[in-house]
Amino acid sequence: MFIYKLKNKIQKYVWGSKTFIPELLGFTNPDAEPQAELWMGAHPKAPSEISKNDKTISLADLIKQNPETILGSEVASNFNNKLPFLFKVLAAEEPLSIQVHPNLKQAEEGFNRENKAGISLDSPTRNYKDDNHKPELICALTPFDAMCGFRDVNEIVEILTYLDLVKILPGTVELQKDPSEDSLKHFFTSLMKSTAKEKTVFVNSLIRETSNKTPRTQNEKLIFAWILKLSLKYPADVGIFAPILLNVIKLQPGEALYLNAGILHAYLHGAGIEIMANSDNVLRGGLTSKHVDVPELLKTLSFSSGKTVIIKPKQQRRNEFIYQTPAREFELSFLKNSDKNHFNIKETKCSQILLCTKGNSEIYWNSNKNLKVKKGESIFISAGVKNLILEGTAEFYRAVVPI
């Protein structure tokens, strides 16, 4: 039973911050490349690596050697001998696309369908990179702006009415008369499937009205500001209607959002800890130069509406605070360690990953082994590690399977 430091890969997506991940990990970024996501886990696209017997091996290959011992028998049995979660640091300088993630059945069917069609896994038009669903949790490390889930339909209608857009947009009058999920689906489908010429009219009208009208509330002020900001980068994209249609949220550090399958969302700005089922399936609907598949997005979308729940952690023990979700693949917790308040576990029932985000710690296990960990470093802990103790003043985020 063992603990290894992880060497993790960084995804350099164009929307990424040039500073947050370098500062967290303690390296310079002289070419000012975007550093969007740090991946910790065993996803085939970018598995973490460990050093074993002076050799570098991927975490995925390490798990394959003895999945029951490394993952724990229950996790190995329930998740086909694979680590069921992917753990990330996400740092967004620019908005991400409007997107949704499929449920498990949709992912399996979509993955098999695209395989049969001969679409390569690295094709830019590929929707399904794997056969797994992707429930996810994002926990803010900095103030974090996001759009998540359809806002209350009556509120959508009220804003569109104030902006004099009811008669311009298809389906809005019906939405006004019948503020139901079916009417919202019809309205959103009509908007997304409108012609390029129609989209130009809709977008130009939205930009004009938003620029000319004075916001009546702080909420409208935030909505209008995001519409105008998004329009600068995507001036012909009906995705700029998203701040009206979706809940616009600003998370404070330590607050989190849970996103189940079918929830339309977009992360706008900020850095956070992200944990999800081990998948990279994304269906995009706009605000991106990447592949957009509106018909597939509409098939996977949930049109339930209302306020989004912000999750705050619940204290599990003196220095551990858990973010509770219904996900069976993962659980995220925050550890606040100090010299007088050590985190300790008698025996790990399953594998887990710890990321140090502040301070320094010395980790002891199996009575006599130890490892020093500093800010920006992450470790993989196998099942069966006994007498695990974290010493020192440090803060960690802990990814584990809830068994």
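Quick note: the coordinates plus some simple rules give every number you see, no bench work behind them. Computed from a predicted model, the values in this text were never measured in an experiment. Here Cβ is always computed from backbone atoms with ideal geometry, including for glycine, and neighbour counts include all displayed protein chains.
Assorted remarks:
- For the chain, the mean residue ellipticity at 222 nm estimated from helices alone is -7500 deg cm²/dmol, where every DSSP H run of n ≥ 4 contributes -39500 (n - 2.57) and the total is divided by all residues, rounded to the nearest 500.
- Distance (nanometres) between label positions extended 7 Å along Cα→Cβ at Ala196 and Asn115: 3.6
- Whole-Hz ³J(HN,Hα) from phi, Karplus 6.51 cos²θ - 1.76 cosθ + 1.60, for the range 252-266, glycine and proline x: 8, x, x, 8, 9, 10, 10, 10, 8, 4, x, 8, 6, 7, 7
- Between helix 196-212 and the chain: long-axis angle, C-alpha atoms, 0 to 90°, nearest 10: 90
- In a DSSP loop and with at most 14 other Cβ atoms within 10 Å, the chymotrypsin sites (Phe, Trp or Tyr not before Pro) in the range 1-39 are Phe27.
- Matching label, Cα Rg over 2.2 N^0.38 Å computed from the structure shown, candidates (i) 1.00; (ii) 1.09; (iii) 1.05: (iii)
- For the range 79-110 and the range 19-55, distance of Cα centres in Å: 18
- Cα gyration tensor shape for the range 154-241, rounded if a/c is under 1.5, else prolate or oblate: oblate
- Averaging the sequence gap over all C-alpha pairs within less than 8 Å and six or more residues apart, then dividing by the number of residues, gives the range 123-276 a relative contact order of 53 percent.
- Across the chain, Cα pairs under 8 Å and at least six residues apart give a relative contact order of 22 percent.
- Rounded to 10°, Cα long-axis angle of helix 153-162 versus longest principal axis of the chain: 50
- Between 0 and 90°, nearest 10: helix 104-116 axis offset from the chain longest Cα axis: 90
- Under the combined filter of DSSP loop state and at most 14 neighbouring Cβ atoms within 10 Å, the range 69-131 retains none of its trypsin sites (Lys or Arg not before Pro).
- The range 279-301 and the range 174-230 have their alpha-carbon centroids 19 Å apart.
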